[in-house]
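Asker: A single structure is presented below for examination.
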Amino acid sequence: MGIEGECKRRYALLLAARDSEYVKKVYGGYFNVFVAAFGEEEERWDMYRVVDGEFPNMNELQGYDGFVVSGSPYDAYGDDNWILELCFLLQTLDSMQKKVLGICFGHQLLCRALGGKIGKSQSGWDIGLRKVNIVKDISPCGFLETLVKKPTALTIIECHQDEVPTGAEVVACSDKTRVEMFTIGDHILGIQGHPEYSKDILDNLIDRLLYQDSIQVSQACSSRSNQ
């Protein structure tokens, strides 16, 4: 799947989650959510549903200017075949010095693939809006330019229960999570939060987690009160 047209740059979304019914109904799928958040005119965006085993051909990687790895309900430390294949792909992209943005699960999997350690957070779920303190400047790179205007802090939507102790360079932290953002070289950026989410997507996600008994009513209420 892709957005065609005369393009200056080409990017790929590596989708590690299946579309929720809400996102399909309101936005037409997560692909549209990501392109709306990061895409610009005259760019081409393709999507690979890596969660279902759909990956770009290795001989096509050079044709992309950058890659985005989405969030996922799966654990980044899992050993599902597609997760292991995605780890290998990320190692390959790193060796090619390709620009990669990892979001939530993508942030954690980048750390795993490139030699860091990941695991379940000792402090539980982090859901809702959270202030993230920028501790180091980030060099703009392609689809990240609108995100990295060098603020000293930003407010970002969070929904995760893992943490990433990593040897990479930490560029942002919060009072809940030690590594909110990290960089490796000038081509890889991991973000623990969800800059692509809107408030209504977060609200729907909180409802689904509550219905699945993944979080308590008190957690849901607290998450909404922080918005």
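The values are calculated or read from the model by the stated rules, or taken from the named source; none is laboratory data. The model shown is predicted, which means the values in this text are computed figures rather than measured ones. In this analysis, Cβ positions are derived from the backbone assuming ideal geometry, glycine residues included, and neighbour counts consider all displayed protein chains. Protein only, heavy atoms only, side chains kept; ligands, DNA and RNA dropped before computing areas. Shrake-Rupley method; radii C 1.70, N 1.55, O 1.52, S 1.80 Å.
Asker: Anything in the stretch 60-71 that is of a type in the set (A, V, I, L, M) and crowded, with 18+ Cβ neighbours inside 10 Å? List them, or say none. Step through it out loud before you land on a result.
Answerer: We begin by selecting, within the stretch 60-71, every residue of a type in the set (A, V, I, L, M); these are 61, 68-69.
V68, V69 - these are the residues of the stretch 60-71 that are of a type in the set (A, V, I, L, M) and crowded, with 18+ Cβ neighbours inside 10 Å.
Asker: Then there's this: List the residue pairs whose Cβ atoms are under 8 Å apart, where the first residue sits in the stretch 16-42 and is on the phi < 0 side of the Ramachandran plot, the second is of a type in the set (D, E, K, R) and not in a loop (DSSP other than H, G, I, E, B), and the two are 6 or more positions apart or on different chains.
Answerer: Listed by first residue and then by second, the contacts come to R18/D52; S20/R208; V26/D200.
Asker: Would you mind telling me which numbered condition in (1) in a loop (DSSP other than H, G, I, E, B); (2) within 26 Å of I184 (Cβ to Cβ) D19 fails?
Answerer: Just one mismatch for D19, condition (2).
Asker: In the stretch 1-32, which residue that is at pLDDT below 90 and β-branched (V, I, T) is nearest to V68 (Cα to Cα)?
Answerer: Within the stretch 1-32, the match that is nearest to V68 (Cα to Cα) is I3.
Asker: Out of the residues in the stretch 169-195 meeting the condition of being surrounded by fewer than 21 Cβ atoms within 10 Å (Cβ to Cβ) and under 30 Å from E21 (Cβ atoms), tell me which one is modelled with the highest pLDDT.
Answerer: P195
Asker: All but one of (1) in a loop (DSSP other than H, G, I, E, B); (2) touching a helix residue (DSSP H, G or I) at 6+ places or on another chain (Cβ under 7 Å) hold for E41; state the number of the condition that does not hold.
Answerer: (2)
Asker: Can you work out which of the residues in the stretch 95-109 that are among the small types (G, A, S) and either outside any helix (DSSP H, G or I) or within 13 Å of H187 (Cα to Cα) (or both) is farthest from the chain's Cα centre (by Cα)?
Answerer: Taking the stretch 95-109 first, the residues among the small types (G, A, S) are 95, 102, 106.
Subset that is either outside any helix (DSSP H, G or I) or within 13 Å of H187 (Cα to Cα) (or both): 95, 102.
Details: S95: 20, G102: 4 Å.
Result: S95.
Residues checked against (1) in contact with a His (Cβ under 9 Å, 6 or more places away or on another chain); (2) within 22 Å of E54 (Cβ to Cβ); (3) modelled with pLDDT under 95:
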{"residue": "D75", "(1), (2), (3)": "no, yes, yes"}
{"residue": "G78", "(1), (2), (3)": "no, yes, yes"}
{"residue": "W82", "(1), (2), (3)": "no, yes, no"}
{"residue": "L86", "(1), (2), (3)": "no, yes, no"}
{"residue": "L90", "(1), (2), (3)": "no, yes, no"}
{"residue": "L109", "(1), (2), (3)": "no, yes, yes"}
{"residue": "R112", "(1), (2), (3)": "no, yes, yes"}
{"residue": "K120", "(1), (2), (3)": "no, no, yes"}
{"residue": "G128", "(1), (2), (3)": "no, no, yes"}
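Asker: Something else about it: Within the stretch 51-67, does at least one residue satisfy the condition of being in contact (Cβ under 8 Å) with a residue 60 or more places away in the chain and not in a helix (DSSP H, G or I)? Can you show your working first?
Answerer: Filtering the stretch 51-67 for residues in contact (Cβ under 8 Å) with a residue 60 or more places away in the chain gives 65-66.
Checking the rest, the ones that are also not in a helix (DSSP H, G or I) come to 65-66.
Yes, the conditions are met somewhere in the stretch 51-67.
Asker: Across the stretch 37-59, what is the total count of residues that are open to solvent by 30 Å² or more (accessible area, probe 1.4 Å), at pLDDT 95 or above and among the acidic types (D, E)?
Answerer: 2
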